[in-house]
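Just so it is clear, none of the values below were taken in a lab; they were calculated from the coordinates. What you see is a predicted model, and the numbers here were worked out from it, not measured in a lab. Using ideal geometry, Cβ is built from the backbone for each residue, glycine included, and neighbour counts are taken over all protein chains shown.
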Amino acid sequence: MPNIDWDQLKTAEQIAEDDLRARVPAEISRAQGRAILGLQGLTQGVLDYMAGITDDQEAMWADLAWNHTTTWRRFDSPFLTKAAAALGLSDDALDEMFIAAAEIVI
């Protein structure tokens with residue numbers, strides 16, 4: 001009889017979450033990101049968020065991310081995390097946007 005580590009078993013919800021995470025691309029191009037924001041009517045919200053940044057250094061990083069990077073990283077981008085929070089996007093919504101954006105061919 002196999003030795004089962006009961007602490008390693010996952011619920012159906014955890015399995016579904018793992019499956020979703022596996023489908024989320026780690027990065028998309030900036031063009032794909034801006035396209036999905038435009039398609040979902042969120043571009044102005046990002047621009048408003050950026051216009052409201054009062055810290056000069058944070059504004060510089062936001063400008064670099066928005067205008068000068070080639071890719072947007074889903075899981076470790078401070079700008080993306082802050083902008084998504086400002087837009088009221090949940091992690092699940094952001095994941096779905098990355099999945100959809102990865103399908104956009106420009």
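Results, tabulated for the structure shown:
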quantity: Charge dipole magnitude, Cβ of K and R +1, D and E -1 - the chain, Cα centre, debye nearest 20; calculated: 400 debye
quantity: Helix-only mean residue ellipticity at 222 nm for the chain, each DSSP H run of n ≥ 4 adding -39500 (n - 2.57), per residue, nearest 500; calculated: -17000 deg cm²/dmol
quantity: Value of relative contact order over the chain, rounded to a whole percent, pairs C-alpha under 8 Å and six or more apart; calculated: 43 percent
quantity: Choice from Leu64, Leu80, Leu94 showing the highest fluctuation, given a GNM over the chain with Cα pairs closer than 10 Å; calculated: Leu64
quantity: Residues whose placed amide H lies under 5 Å from that of Glu27, excluding near-sequence neighbours; calculated: Arg74
